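After the structure tokens below, expect a handful of questions from me.
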Amino acid sequence: MQIFLFLLPQLVLFLSVVLVFGIDLMGSKDKQWLPYLALSGAVISLGISIYQYGWMDFEEGIVLGGMIAMDSFSRFFQIFASLVAVLIILLSMAYMKDKSPYQGEFYSFILLVSFAISLLALSSDLVMIFIAFELLSISSYILTGFFRHDPKSSEAGIKYFLYGSLASAMMLYGMSLLYGVTASTNLIEIARGLVGIDPSLNWVVFPAIVLMLVGFGFKTATAPFHQWSPDAYEGAPTPVTAFLAVGSIGAGFAILIRVMITALPEFQMNWVALITGLSIISMTLGNLVAISQKNIKRMLAYSGIAHSGYILIGLVSWGSGVLGTVFDGLTGILVYLLVYLVANLGAFAVVTAIEHKTGSNQIEDYAGLIKRSPLLAGTMAVFLLSLIGIPGTGGFIGKLLVFGSALRAEYYFLALVAIINSVVAGFYYLNVIRYMFFQPLDEPAREAIQVPGSLSVVLVLACVFTLLMGILAQPFIHFVQTSLKLVLS
Amino acid sequence: MNFPVLSAITFVPLLISLIVLIIPKSKENLIRWASTILSLIPLALALYVYYVVQADPGTMQFREEYSWIPALDVYYRMGVDGLSAVMLVLTALLSTLCLYYSIYTVKDRVKEYYFLFLLLQVGMTGVFVSLDFVFFYVFWEIGLVPMYLLIGVWGGKRRIYASIKFFLYTLTGSMAMLLAIIAVYLNTGTFDILKAAAAQPFANNLTYAAVAFWAFFIAFAIKVPIFPFHTWLPDAHTEAPTTGSVILAGVLLKLGAYGLIRIVLPMFPEQFAYYSYEVPIIPILAVISIVYGALVCMAQWDLKRLIAYSSVSHMGYVTLGVSAAAASLHAPGADPTSAIIALNGASLQLFTHGIITGGLFFLVGMIYDRAHTRQIKDFGGLGVKMPYYYGIMMVTGFASLGLPGLAGFWSELFVFRGTFAVIPTFAMIGILGLVFTAAYILWKVIQHVFLGEFDQEKWDAATHNAKITDMATFEKVTMWPLVILMVLVGLYPSLITRLLNAVSTVLLNNF
């Protein structure tokens, strides 16, 4: 019964998938209300998961034959997944209306990917992880290539698919190596199996870690496994891009944290070295390439790669930290993730609104946005400032925590690379602000941009949260720290 | 509970900016007057703080302390002593004057302008009252964004280049400072500025201490700006709108110098002394700023750029004074009084430079509004046509070159009096700056612009037949408070120095 209650948000999500898909299949003429059905499913799921987090106690542990971890970390990502579903549906409503006739499929897939996110974060067994990983990936490929008559979208879907299959295969190979060494697929059993392991087997475990990192690196869009992301971001329908940048990345980090910390603490020395490298490459490459981007979706894709690099700093410096102390690293990773995702979602909401109206994603077409829509320009400025890490926004708290943890763990070089990168990032984010605020309009009579109601809900929510996380950071940090307590045991 | 005066000074402008946000865009006059009149509240509070603090200026007063982010050990800590009180008055005064001056000069996007300007005031004020590193950093950075937008939207021709340069330079410094703040926290276990200074971070590890010292120093040096970090300043000052330049020169540059005095000097006295005496990098940079800045002024034909470079030169006196105070720690036989005098001079220069250069930028803005050119060669003989303007400019210019009886004299006198006793070589080179300053003020500003025959044809050609009028009432109202202060501080400097002296004494006696 307890397990049933615990999985209720997922069940609701899955039920809504079936319902939306089924009703669409039955051939009902009027499909206008399908998005609302999907939305209500997601909202119910969100409500349940929030209620569970705040007001219900579960016996923490591994359930269902070791497949599912019932802990606060899972509950945190249950909320995250449902929230992503709600917000992405709100983003899509106006945008998808006249762009595609396949409303039912679109919304059921959005619900399905959200289901997959939470499943991935809940998994505590390699088999389960792989299944959820594939469910997430395959639904994402379909969503990316959803505009099948648009060559860019199709190309993005294929590219994403090819890279993704390769990454999945390598990850699976890594998992099988790990199974070969420890004779178990359960994360906790693996951790036990690796204690005091024969040193000659290190040469199996080490490649296993590398191969699994390929898979996680792919999901989190970390360089050098990032090649899919700029094309997929650019080609995908913009709400799907928002999903990729927020939902998919969040899920990737969830599983990365869980596997590294639960299953591989014995090999921390090894993976810390690897992840340090990934982090430096990601930050530097992401930021440098982002400078030259003309398309805002591509720019955000590259900046996302850079942010993945910053987030990894938290994982690297976790080493000697004690959870709940200042700058423990793990708190930093999740806080950073939270603020980054909110700001990024907001930014994509703005992109969606502008593309919906103007059909363009070029940064230069953002010229004079402040005159055309003060709401869009103002909120976009807040999101970009948060991504730079200016105080008063959540981004600052994230940066403070992550940089602080790097210094505490004495990774001075990493901290240095991170701050240099932050300045570089300032340049291209400001470039967008410059266009929005400083550049005059080309033609004086350019019309104002009306923001659809569902979109402005997302915009305002993201903006308020970005500011709140910067000004009243304590509740958020506290929330994150409670959510982290159990993944470790 | 006492009334939280400092919170009020800091956040009343935020409140006003929110009021501005609510007022409909079309009611421009309401926005203008409401924000100007309401900005008298922080000014009055600042004067009240000044009045109370002067009774015991050496200690931190009006303390406020609340837990802000317990998970990070970050507190909402405020407090003022004599130095901060003087800077508070300066900030509030210049802000109000700028808001008033803008009523008549800013025609474009009025609502956004006032909103951003008030936000800027929040950031500036906050820096002077915070006693917690993170809190300090938050205000330090918050001011950056509105200033960036003020330059970028309301600035001159090369505003985009100038604004982004300004932002990136400061951001670079801030990031270095952020790392240093975290390092200090990890070493001392507190973000409290006073406690961290008392704990003397990295006292047992000289390498780390040096790295942290330079991280802080560079962050502040960029803002001051000290040569070679000064290149953003001429661009930003020149391209900013008049009020933006006033605030930049009057307050923002002071943030850096304030940081040197409030944070770097007490926290790393050994390093500061070492790099001021044994390896005198800091006084060398200060002297270069002074002399080089003044020489560039001599060669400048753009009036606004000239004033901008004069800031580099004048802020060099501040750096020189602070480094002399630090050097006294290591200099054999340096008497503590001279160190205190040097530091007094540096802090007084913050205030006097604020009112003088703020005034000069107002004056440049006024002539530019008429002529739409700032080229010195386009002017000449304006003394006849604009006698009132000429008079005000004379007083301000003379104050700038340090004429006795006006405010600028005292700060320069103190700086050199103190420095001569501690590091005489640098004082001797630095004093060249005074000569050059006199030269460019008299020759470039006074002679080229005001003296000689007025040539109507040349004026018409250069300004496209602009009408030439003397100062309007609002311009007089803007300038008079500054002129009065210049004379008042010139005649009775202890109005300010009394407060600063106590702070300097406490600071230097703690070593």
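Coordinate-derived values only; no laboratory data. All of these numbers come straight from a predicted model, not from anything done at the bench. All Cβ positions, glycine included, derive from the backbone under ideal geometry; neighbour counts span all protein chains shown.
Can you give the FRET efficiency to the nearest 0.05 for A:ASN270 and B:HIS464, using r as the Cβ-Cβ distance and R₀ = 60 Å?
Values: r = 73 Å, r/R0 = 1.21.
Computed FRET efficiency for A:ASN270 and B:HIS464 comes out at 0.25.
Something else: Take A:TRP33, A:TRP55, B:TRP68 and order them by how many other Cβ atoms sit within 10 Å, fewest up front. Please list the in-between numbers first.
Numbers: A:TRP33 13, A:TRP55 7, B:TRP68 20.
Ordered from fewest to most neighbouring Cβ atoms within 10 Å, A:TRP33, A:TRP55, B:TRP68 come out as A:TRP55, A:TRP33, B:TRP68.
If you don't mind, another one. Of A:ASP150, B:ASP132, B:ASP192, how do they rank once you tally other Cβ atoms within 10 Å and put the fewest first?
Values: A:ASP150 16, B:ASP132 25, B:ASP192 20.
The order, fewest Cβ neighbours first, is A:ASP150, B:ASP192, B:ASP132.
Multiply the residue separation of B:VAL384 and B:ASN509 by 0.36 nm, subtract the distance between their alpha-carbon atoms, and state the gained length in nm to one decimal. Show your work: numbers first, answer last.
Details: separation 125, 0.36 × 125 = 45.00 nm, distance 5.37 nm.
Value of the extension gain: 39.6 nm.
Hey, any idea what the orientation-averaged projected area of the convex hull of chain B's Cα atoms comes to, in nm²?
On the way: hull surface 88.4 nm².
Over all viewing directions, chain B projects a mean Cα-hull area of 22.1 nm².
What's the angle, to the nearest 10 degrees (0 to 90), between helix B:336-371's Cα axis and the longest principal axis of chain B?
Around 30 degrees separate the two axes.
Along each of the three principal axes of the Cα atoms of the protein assembly as shown, give the extent in whole Å, ordering the values from largest to smallest.
Projected onto its principal axes, the Cα set of the protein assembly as shown covers 91, 67, 51 Å.
Residues of the stretch B:99-120 with the amide nitrogen closer than 16 Å to a label point 7 Å from the Cα of B:ILE23, along Cα-to-Cβ, please.
B:99-119
Would you kindly work out the equivalent ellipsoid of the stretch B:278-511 from its C-alpha gyration tensor and give its semi-axes, the square roots of five times the eigenvalues, largest first in whole Å?
Values: eigenvalues 270, 69, 27 Å².
Each semi-axis is √(5λ); the values are 37, 19, 12 Å.
Once R0 is set to 22 Å, what does the formula 1/(1 + (r/R0)^6) return for the Cβ-Cβ distance between B:TYR208 and B:VAL279, expressed as a FRET efficiency to the nearest 0.05?
Efficiency computed from Cβ-Cβ geometry: 0.80.
Residue separation times 0.36 nm, minus the C-alpha to C-alpha distance between B:LEU491 and B:TYR76: what's the value?
Numbers: separation 415, 0.36 × 415 = 149.40 nm, distance 3.90 nm.
Between B:LEU491 and B:TYR76, full extension yields 145.5 nm more.
Let me ask another. Relative contact order, percent, of the stretch B:278-511 when contacts are C-alpha pairs under 8 Å separated by at least 6 residues?
Details: 368 pairs, mean separation 67.8, N = 234.
Once normalised by length, the contact order is 29 percent.
Normalised by the number of residues in chain A, what is the relative contact order in percent for Cα pairs under 8 Å and 6+ residues apart?
Details: 811 pairs, mean separation 71.7, N = 489.
For chain A, the relative contact order is 15 percent.
So for chain B, averaging the separation of alpha carbon pairs under 8 Å that are six or more residues apart and normalising by length, what relative contact order in percent results? Can you show the working numbers first?
Working: 908 pairs, mean separation 75.3, N = 511.
So the answer I get is 15 percent.
Still on this structure, please answer the following. What does the charge count near B:ILE23 come to, summing +1 for each Lys or Arg and -1 for each Asp or Glu among other residues with Cβ under 13 Å from its Cβ?
On the way: positive: B:LYS25, B:LYS27, B:ARG32, B:LYS111; negative: B:GLU28, B:GLU112.
Every neighbour counted, the sum reads +2.
If you don't mind, another one. What is the distance, in nm, between label points placed 7 Å from the Cα along the Cα-to-Cβ direction at A:ILE420 and at A:ILE471?
It is 3.7 nm.
Could you list log10 I(q)/I(0) for the stretch A:286-489 at q = 0.15, 0.16, 0.17 Å⁻¹, which the Debye formula gives when each Cα is one point scatterer?
-0.89, -0.98, -1.07
Run the helix sum for chain A: -39,500 (n - 2.57) per DSSP H stretch of 4+ residues, divided by residue count, reported at 222 nm to the nearest 500 deg cm²/dmol. Mind showing how you got there, number by number?
On the way: 21 runs with 358 residues, N = 489.
Taken over chain A, the calculation gives -24500 deg cm²/dmol.
Test of understanding: extend the Cα→C-beta vector of A:TYR102 to 7 Å, then name every residue of the stretch A:231-254 with backbone N under 19 Å from that spot.
A:232-244
Between A:LEU64 and B:THR337, how many nm apart are label points set 7 Å from Cα along the C-beta direction?
If labels sit at A:LEU64 and B:THR337, their model points lie 8.3 nm apart.
Still on this model: Over chain A, what per residue volume does the convex hull of the Cα atoms give, in whole Å³? Present the calculation step by step, with values, prior to reporting the outcome.
On the way: hull volume 64.4 nm³, N = 489.
Looking at chain A, the number lands at 132 Å³ per residue.
Let me ask something else. Mind jotting down the three principal axis lengths of the stretch B:180-330 based on Cα atoms? Whole angstrom, largest first.
Reported extents, whole Å, longest axis first: 52, 30, 19.
For the stretch B:205-247, taking Cα atoms only, what is the radius of gyration to one decimal and the Dmax to the nearest whole Å?
My reading of the Cα-based Rg and Dmax gives 14.4, 47 Å.
Between A:TYR36 and B:ALA439, what is the spin-label point distance in nm, taking each point 7 Å from the Cα along the Cα→C-beta axis?
So the label points at A:TYR36 and B:ALA439 sit 8.1 nm apart.
If you don't mind, another one. By the scheme Lys and Arg +1, Asp and Glu -1, what is the net charge of all other residues having a beta-carbon under 9 Å from that of B:TYR76? Each step should come with its number before you reach the end.
Details: positive: B:ARG77; negative: B:GLU64, B:GLU65, B:ASP132.
In short, -2.
Hey, what number do you get for chain B at 222 nm if only DSSP H runs of n ≥ 4 count, each worth -39500 (n - 2.57), divided across all residues, to the nearest 500? Could you put the intermediate results ahead of the total?
Values: 24 runs with 366 residues, N = 511.
Value at 222 nm, helices only: -23500 deg cm²/dmol.
Distance from the Cα centre of the stretch A:52-86 to that of the stretch B:69-144, in angstrom?
44
Please find the FRET efficiency linking B:HIS372 to B:PHE454, where r is the Cβ-Cβ separation and R0 is fixed at 22 Å, and quote it to the nearest 0.05. Can you show the working numbers first?
Values: r = 18 Å, r/R0 = 0.81.
It comes out at approximately 0.80.
Going by how many other Cβ atoms sit within 10 Å of their own, how do B:LEU413, B:LEU18 line up, fewest first? Don't skip to the end; give the middle numbers.
Working: B:LEU413 16, B:LEU18 12.
Listing B:LEU413, B:LEU18 from fewest to most nearby Cβ atoms yields B:LEU18, B:LEU413.
Expected output is a single nm value to one decimal: the length gained when fully extending between A:HIS149 and A:TRP203, i.e. 0.36 nm times separation in residues minus the C-alpha distance. What is it?
Working: separation 54, 0.36 × 54 = 19.44 nm, distance 4.78 nm.
That works out to 14.7 nm of additional length.
For the stretch A:105-262, divide the Cα radius of gyration by the Kirkwood radius and give the resulting Rg/Rh value with two decimals. Could the numbers behind the result be given before it?
Working: Rg = 16.3 Å, Rh = 15.9 Å.
Looking at the stretch A:105-262, the ratio lands at 1.02.
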